[in-house]
Each structure stands twice: as C-alpha cells, then as structure tokens.
Number of protein chains: 2
Amino acid sequence: MVGVKVDGRLERGEQTRRQILRRAAEIASVEGLEGLSIGRLATELEVSKSGVFAHFGSKEELQLATVRAAAKIFVDEVVTPALDVPPGRARLELLLEGWLSYSERRTFPGGCFFYAVQAEFDARHGRVRDAVAEYGRGWNTLVRETIEGVPDLAVDADQLAFELIAFLEMANAQSVLHDDPTAYTRARTAVRSTLDRAVQA
Amino acid sequence: MVGVKVDGRLERGEQTRRQILRRAAEIASVEGLEGLSIGRLATELEVSKSGVFAHFGSKEELQLATVRAAAKIFVDEVVTPALDVPPGRARLELLLEGWLSYSERRTFPGGCFFYAVQAEFDARHGRVRDAVAEYGRGWNTLVRETIEGVPDLAVDADQLAFELIAFLEMANAQSVLHDDPTAYTRARTAVRSTLDRAVQA
DNA sequence: AATTTGTACGAACGATCGTACAGTTAGTTT
DNA sequence: AAACTAACTGTACGATCGTTCGTACAAATT
C-alpha cells in the first residue's frame, strides 16, 4: 500500500515548509540565522511574508526548524554513509572524509552550516544556542565513539576526536574565508598522519 | 616637553571614539559585527545615536574601525609579547600559549574576536570581509614565520601552522559553546605533542 | 450540498534599523 | 571679545524588522 490516503492540503503545506527550510538553511550558512529574515525569505521564494511566518509562529521557531532541517541534511550526507560500514578504521575514515567532502562540495553555499551557526550563537543564550550546542555535542560523541570502535588504537579518544574535528573545521574555515581549496588537502594530510601516529602507539 | 599643546576637543573626541570601539568590539565578539547596532551602542554608552554615528559616517566604517581596534588589542596581547623573545621554539610556544591565554581569559567576552567575525563574514563580500580575511592571512603568516624561525624543525611550516592554529580555534570554539575550560587543556596537549613530533623529525 | 479545516494572502501595527541635518555647547584662534 | 571649529545632541526620514488579524480559497468531512 504505497498510496496511503493523504490530505492534499497538509501535503502542500509540508512541501512549502520544506522549500522554506531548504532556502533558510542556505541563507543561514552564509549570513547566519540572525541574518535570516522572514521578509527576505518570502521575497526570494515568491510567497507572502505572512505565509512564511504562519508556518513557524515566531522567528525563533523558524531558526530552530532551520537547524533541525540542516541537521537532517548533515546526517544524510555525512553520518548515514559512515554507519553503513562496520565499526573500525574504515568507518572512521569514511566519516572524516565524508565531512570534508560535505564541506568541500558546498552542500551549503557558505560551507558547513554548523560551523557558521556555532560561531554565531556560541556566546549567546536561548533555545537556538542550546539546540546548536546539543548537535555539536552529538557530533563530538559520534566521532569519539567511532574512534573507540577502532581496534589497536590505544589513545585518549576524546583527545583524538578534539584534534581530528579541529582539522575539519579549520579546513572549512580557511577554504571559505580565503577561497583556498588547498585547506582540504592540508586537513587530509593532518588527519592521516594523526591517525597513523595513533595506531602505532 | 611632555605636555605638547593639544586641542582639548580633539582629545575628548578620541577618547569617546576609543570607548565606542572598545564596547563595539566586546559586543561584536558575542553578537557579531552585524549584531552591532548604532542605536544600541549609543544607549549602552549613554551618548546620542547621532554622536556615535558622526564618528564613523556609516555602519560599514564603524565595523571596519571595530576590526582595526580589535586587531590592535590582539597584537598587544598576543603578538608583541612573543616578539619580545628571540626567534626559536621559545618564541613559538609563547605565541601559541599567548593566544590560548588571550582566548581563555576572555579578553573579549565572546572569546576570540576574530574567530567570531571570521565565521560571520567568511562567505560574504565587501570591505569588512576583505579586512577580516587580511588579518587572518597576517596571523597565518606570523605563525608560519615563527615556525620557520625554529631550528631542527624540518617540516612543512604551512602544514604545521595549519594544524596548530586548528587546535587554538577549536579550543576557543568548544570552550565558548560548551562552557568547557578543558578544551584548552586538550589544545595544549595537542600543541605539545605535535611540536614534539615535529622536532624529532 | 453544507460545513469544517488548513494554507496562503494582504494590510497594518509598533519598534528599530541606518542615515540626514540643523542646532547647541565648549574649546581654539584671531 | 568675536569668529571659528569640532564634538555632540535632537528630531525626523524611509526602510525593514517580527508580529497580528481578517479574509479568500481549496480540500476534506459531513
């Protein structure tokens, strides 16, 4: 039964909502979640301002929904492919390379969505910051646990996760700011040598 | 002749300007250079909005002046102390530790000013982004040249600078976002082991 | 066929944004 | 003492912000 009875109105609403959130995530990766404005979003999508607003009820809810939508894209692009291979060094390398590729191919036009919004909200207060921080913790945890799944790797997993993630974010930052794709090469070099060193410990 | 004849009006103006820019840099490190508003700045400093505006003539000029003012603080806090010791490993370590301390002690309330504004402007266009990118290049160059001043360190200086700076920025990001001071410990560990490994190469 | 439900619209609100300009005040020059 | 100058103020502007509300219309339910 593929064709479940579906309300055409709800269907249309969800589609509009998806379009709004996709565009919102794109804008936010460049101009930040505060740079997002409901009016601009409406103009670019050629819908009414109140139409956009009605989907979320407040700007804060729009920002939260945008973060969730971006997280879904991130998971699809980076996390899920890595979880498709068994734990071990291959999974770890796929996870890291997946991140670099996700950033490098500009899944979001401003580079990694979460790099942008973490830096934007890190020193603020409120629900958006809390949500962003929570996703950051989730990413840290995933990397750490993936490291722990690698045998013959008797190092501090937290420390190694810190260093590896640092390389990824640095590559994103440098490549976007200076339009310099070699940053990804440097990150790959750093990841490989750090991993090699950790395995022979 | 210490008491050079000075125009008291210009003197007062410069002092006001300095107060504006100090506060502007503090705000921008938390809320970003776009989060800065002339009206808010005026309210907090208890001066008139037009008084603030008159000092710069446009918001973009205020942003540029804020970046320059923050750069001066950064140089005073991080760069100058390191240049006071002769080139070599001691200077490199002082430079890196100076940065970590500058971030850790919250010279700017939102952590490193340049981390915040780089992430904010990296994907934009215009004079502010160009200025921020230029200071970023200057910092990269300084770290690389300081590395090159260390004897018995036959590694790719660009690569090493990439990795070391990555650790610093990661510490800043993690500590601010998660209110976690142990990020600095991790960065110091990473810096030391990376440096030790580079020196025995 | 009548009624309810959900999406989207248009107009308007108070607040705040950056900016403009004429006027006030205080220190400098003549 | 008069003329001038620089910092600063007060008021006002058009634009845009997030938000509210009443309405229009299509789809689903009765």
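The values are calculated or read from the model by the stated rules, or taken from the named source; none is laboratory data. Bear in mind that the values here come from a model prediction, so they are computed numbers and not experimental data. Cβ: placed from backbone, ideal geometry, glycine included. Neighbour counts: every protein chain shown. Keep in mind that these areas ignore ligands, DNA and RNA; they rest on the heavy atoms of the full protein, side chains included. Shrake-Rupley method; radii C 1.70, N 1.55, O 1.52, S 1.80 Å.
Laid out as a table, the results:
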read-out: Some residue of the range A:145-153 being within 11 Å of the chain's Cα centre (by Cα) and buried (at least 16 other Cβ atoms within 10 Å of the Cβ); value: no
read-out: Residues of the range A:102-125 that turn out to be small (Gly, Ala, Ser) and either in a helix (DSSP H, G or I) or away from chain B (no Cβ under 12 Å) (or both), as a count; value: 3
read-out: Matching residues, the range A:15-24, being more than 20 Å from residue A:74 (Cβ to Cβ) and either in contact (Cβ under 8 Å) with a residue 60 or more places away in the chain or surrounded by 13 or more Cβ atoms within 10 Å (Cβ to Cβ) (or both); value: A:16
read-out: Hits in the range A:2-44 (condition: within 7 Å of DNA strand D (Cβ to nearest atom) and either within 14 Å of chain B (Cβ to nearest Cβ) or touching a strand residue (DSSP E or B) at 6+ places or on another chain (Cβ under 8 Å) (or both)); value: A:36, A:37, A:40
read-out: Residue in the range B:45-60 that is of a type in the set (S, T, N, Q), within 14 Å of DNA strand D (Cβ to nearest atom), more than 14 Å from chain A (Cβ to nearest Cβ) and in contact (Cβ under 8 Å) with a residue 12 or more places away in the chain present; value: no
read-out: Contacts under 9 angstrom Cβ, first residue in the range B:154-171 being among the aliphatic types (A, V, I, L, M), partner assigned to a helix (DSSP H, G or I) and modelled with pLDDT under 95, 6 or more apart; value: B:154/B:198; B:155/B:197; B:155/B:198; B:155/B:199; B:160/B:198
read-out: Any hit, the range A:81-101, residues being more than 21 Å from residue A:185 (Cα to Cα), within 9 Å of the chain's Cα centre (by Cα) and part of a helix (DSSP H, G or I); value: no
read-out: Output for the range B:172-181, where each listed residue is in contact (Cβ under 8 Å) with a residue 60 or more places away in the chain and polar (S, T, N, Q); value: B:172, B:175
read-out: Residue match in the range A:167-178 (condition: in a loop (DSSP other than H, G, I, E, B) and within 14 Å of residue A:103 (Cβ to Cβ)); value: no
read-out: Failed item in (1) farther than 23 Å from residue B:118 by Cβ; (2) in a loop (DSSP other than H, G, I, E, B); (3) facing another protein chain (nearest Cβ under 10 Å), with residue A:158 passing the rest; value: (2)
read-out: Residue, farthest from residue A:193 (Cα to Cα), within the range B:179-189, restricted to residues that are more than 8 Å from chain A (Cβ to nearest Cβ) and part of a helix (DSSP H, G or I); value: B:182
read-out: Filtered residues of the range A:137-194 (kept if closer than 19 Å to residue B:139 by Cα and small (Gly, Ala, Ser)); value: A:166, A:171, A:173, A:175, A:183, A:187
read-out: Within the range B:25-66, considering residues that are open to solvent by 50 Å² or more (accessible area, probe 1.4 Å) and away from DNA strand C (no atom under 13 Å from the Cβ), the one farthest from residue B:105 (Cα to Cα); value: B:46
read-out: Residue within the range B:54-63 that is outside any helix (DSSP H, G or I) and farther than 28 Å from residue A:123 by Cβ present; value: yes
read-out: Count of residues meeting criterion [closer than 19 Å to residue B:149 by Cβ, facing chain A (nearest Cβ under 10 Å) and modelled with pLDDT of 95 or more] in the range B:192-201; value: 1
read-out: Scan of the range A:80-97 for residues that are in contact (Cβ under 8 Å) with a residue 60 or more places away in the chain and open to solvent by 20 Å² or more (accessible area, probe 1.4 Å), ordered by number; value: A:87, A:89, A:93, A:97
read-out: Residue under evaluation residue A:75, criteria (1) in a helix (DSSP H, G or I); (2) without any contact (Cβ under 8 Å) to a residue 12 or more places away in the chain; (3) of a type in the set (Val, Ile, Thr); (4) within 16 Å of DNA strand C (Cβ to nearest atom), criterion not met; value: (4)
read-out: Residue list for the range B:98-122, restricted to those being more than 17 Å from residue B:174 (Cα to Cα) and either in contact with a His (Cβ under 8 Å, 6 or more places away or on another chain) or surrounded by fewer than 23 Cβ atoms within 10 Å (Cβ to Cβ) (or both); value: B:98
read-out: Qualifying residue in the range A:131-143 (condition: within 20 Å of the chain's Cα centre (by Cα), of a type in the set (Ser, Thr, Tyr) and in a helix (DSSP H, G or I)); value: yes
